[in-house]
Amino acid sequence: MLIVVAYDISLVDKKGQKRLRKVAKKCEQYGQRVQNSVFECYLSYDQFTKMKIELLALINDQEDSLKFYRLGKNYQNKIETFGTKEVFDLHNDTLVF
């Protein structure tokens with residue numbers, strides 16, 4: 001299923017900057033960045049559960065926000081992309097690192 005992860009981490013102190021880096025790195029392990037604080041992740045239910053637990057452990061729920069949008073398996077007709085940001089279809093494209 002396609003999961004969109006969006007976050008807003010408070011940067012009022014150095015702890016927030018550290019949390020921001022950790023959250024971004026964790027999201028990179030599961031998907032691709034499509035905006036500064038937005039990731040698209042194609043995951044199984046178990047992977048999604050694991051990612052959610054890991055991200056919730058990183059944020060400060062008194063200062064930060066974290067949102068998960070579950071678009072499911074039939075997400076292709078629910079997304080429109082405009083502009084210059086190149087993204088890959090995580091389900092159909094082959095990625096080589």
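No value in this document is a laboratory result; all are computed from the given coordinates. Predicted, not measured: the structure shown is a model, and the values here were computed from it. Positions of Cβ are backbone-derived with ideal geometry, glycine not excepted, and every protein chain shown enters the neighbour counts.
In what order do 44, 37, 65 fall by count of nearby beta-carbon atoms within 10 Å, going from fewest to most?
Least to most surrounded, the residues fall as 44, 65, 37.
Which stretch or stretches of region 29-59 have amide N atoms under 18 Å from the point lying 7 Å from residue 11's Cα along the Cα→Cβ direction?
Answer for this model: 33-39, 59.
Rounded to whole Hz and in sequence order, give me ³J(HN,Hα) for region 53-66 from the Karplus expression 6.51 cos²θ - 1.76 cosθ + 1.60, θ = phi - 60°, writing x for Gly and Pro.
Once rounded to whole Hz, the list reads 4, 5, 5, 4, 6, 8, 8, 9, 5, 8, 10, 10, 9, 9.
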